[in-house]
Amino acid sequence: MTLHPLQRYRGFVLDIDGVLVRGGKPLPGVPEALADLRTLGPVVLLTNNSTRSRQGMAARLTARGLAVRPTEVIPSSFIAARYLQQEYGPVRFWPLGEEGIAEEMVLAGHTPVEPTHAQWIVVGMDRALSYAKLDQALQALLAGARFLATNRDPTYPTETGLVPGGGAVVGAIEGMGYPPEVVVGKPSPIAFRVAVDALGIPPGEALMIGDRLETDIAGGAGAGMGTAFVLSGTSTVEEAERTGIRPTWIAQDFPALVRGEFLSL
Ligand SMILES: [Mg+2]
């Protein structure tokens with residue numbers, strides 16, 4: 001039996017959109033490929049999406065045909081809650097985002113409060129963003145709150161195309177004169193650290209699998225991980241050539257990667 005090339009890694013960190021899922025549905029062959037990859041080592045799914053908790057995101061993926069456990073999913077809502085707990089202990093917070101942020105923050109021991117009592121505002125994509133909410137964020141910041149952004153992805157892919165992402169909300173606050181003090185989502189090293197911690201292995205023994213060169217691949221490499229770039233999502237081979245971002249492996253899509261069918265630049 002020949003050694004599978006990916007067997008040199010002891011764990012795998014996978015991006016979700018553009019790798020496993022597109023338009024909310026698993027890409028063809030992905031559930032089977034994920035089962036095969038799990039025979040090589042543990043997997044975690046690392047996403048800048050902050051709208052759901054680990055529990056909520058695992059339930060949604062499982063309902064759509066990709067069975068994953070909550071402990072295998074690492075959304076930026078969870079990264080934010082864990083980062084604040086590790087750096088500052090329990091904090092008083094005000095969330096500007098969807099339910100995932102408050103859910104994970106409370107699970108980590110943080111306390112939701114009115115904006116002007118918050119030590120931190122924790123911000124992500126919010127499909128109910130309003131002028132009133134921006135005003136609440138401003139009052140929190142004027143009262144001394146610090147600003148954590150879960151991510152600054154400019155857009156977010158849905159079944160019907162791109163919609164404004166977490167970066168749109170972060171940018172609205174930045175436009176009031178307050179840039180985020182910390183951004184925890186990819187390509188921040190914080191995101192990759194939380195992912196490899198969850199696998200319980202050193203970064204050098206983990207493989208980051210993603211479709212975005214600037215976040216998944218550059219960030220994973222910066223964190224000391226091996227990287228695999230798949231062409232089923234956002235970035236292209238031409239971009240890899242132009243930007244000089246060089247992944248360890250390239251494959252047409254995630255199932256091809258797991259089959260060991262690699263492309264070269
Ligand atoms: Mg992606």
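What follows is calculated from the coordinates using simple rules that are stated; it is not laboratory data. Just so it is clear, the model here is predicted, and its values are computed rather than measured. Every residue, glycine as well, gets a Cβ built from its backbone with ideal geometry; the counts of neighbours run over all protein chains shown.
How tilted is helix 189-199 with respect to the longest principal axis of the chain? Cα atoms for both, answer in degrees (0 to 90, nearest 10).
The two axes meet at around 60 degrees.
Out of the trypsin sites (Lys or Arg not before Pro) in the stretch 151-226, which ones are loop residues according to DSSP with at most 13 other C-beta atoms within 10 Å?
For trypsin sites (Lys or Arg not before Pro) across the stretch 151-226 that sit outside H, G, I, E and B with at most 13 neighbouring Cβ atoms in 10 Å, the list is empty.
Relative to the Cα centre, what is the charge dipole magnitude of the stretch 165-265, using +1 at the beta carbon of each Lys and Arg, -1 at the beta carbon of each Asp and Glu, and rounding to the nearest 20 debye?
That gives the stretch 165-265 a dipole magnitude of about 120 debye.
About the Cα centre of the stretch 1-158, what is the dipole size in debye to 20, counting +1 per Lys and Arg Cβ and -1 per Asp and Glu Cβ, all else neutral? Walk me through the numbers before you get to the answer.
Values: 16 positive and 14 negative charges, 63 e Å.
It comes to approximately 300 debye.
What is the order of 88, 83, 131, fewest Cβ neighbours within 10 Å to most? Intermediate results must be reported in sequence, preceding the final value.
Numbers: 88 12, 83 22, 131 8.
Ranked by crowding around the Cβ, least crowded first: 131, 88, 83.
Taking the Cβ of each residue in 15, 197 as the centre, tally the other Cβ atoms inside 10 Å and list the residues starting with the fewest.
The order, fewest Cβ neighbours first, is 197, 15.
Show me, for the stretch 85-96, the HN-Hα J-couplings you get by feeding each phi into the Karplus relation (A = 6.51, B = -1.76, C = 1.60, θ = phi - 60°), rounded to Hz, glycine and proline as x.
Ordered by residue, 3J(HN,Hα) equals 4, 5, 7, 10, x, x, 10, 8, 9, 10, x, 10 Hz.
How big is the shadow of the Cα convex hull of the stretch 88-183, averaged over all directions, in nm²? Don't skip to the answer; put the middle values down first.
On the way: hull surface 24.1 nm².
Result: a mean projected hull area of 6.0 nm².
As a footprinting exposure proxy, order 159, 103, 174 by other Cβ within 10 Å, with the fewest listed first.
159, 174, 103
Restricting to bridges with both residues inside the chain, how much of the DSSP beta-bridge set is antiparallel, in percent to the nearest 5?
20
I need the calculated FRET efficiency for the pair residue 8 and residue 174, taking r as the beta carbon distance and R₀ as 51 Å, to the nearest 0.05.
With a Förster radius of 51 Å, E is 0.80.
Using Cα pairs under 8 angstrom and six or more residues apart, how large is the relative contact order of the stretch 62-208, in percent?
Reported as a whole number, the value is 20 percent.
Direction-averaged shadow area of the convex hull around the Cα atoms of the chain, nm²?
So the mean shadow area of the Cα hull is 13.8 nm².
With unit charges on the beta carbons (Lys and Arg positive, Asp and Glu negative) and the dipole taken about the Cα centre of the chain, which residue among 21, 175, 154 sits farthest to the positive side?
Ranked along the dipole, the leading option is 21.
Hey, if you put +1 on the Cβ of every Lys and Arg and -1 on every Asp and Glu Cβ in the stretch 88-183, which of 113, 145, 165 ends up farthest toward the positive end of that dipole?
Positive-end residue among those listed: 145.
Only Lys, Arg, Asp and Glu count, each charged at its Cβ (+1, +1, -1, -1), so figure out the dipole size of the chain about its Cα centre, rounded to 20 debye.
Details: 22 positive and 27 negative charges, 81 e Å.
I would put it at about 400 debye.
To the nearest 500 deg cm²/dmol, what mean residue ellipticity at 222 nm is calculated for the chain from DSSP H runs of n ≥ 4 alone, each contributing -39,500 (n - 2.57), summed and divided by the residues?
Rounded to the nearest 500, it is -9500 deg cm²/dmol.
Based on the alpha carbons, how large is the Rg to Rh ratio for the stretch 25-96 when Rh follows Kirkwood?
1.06
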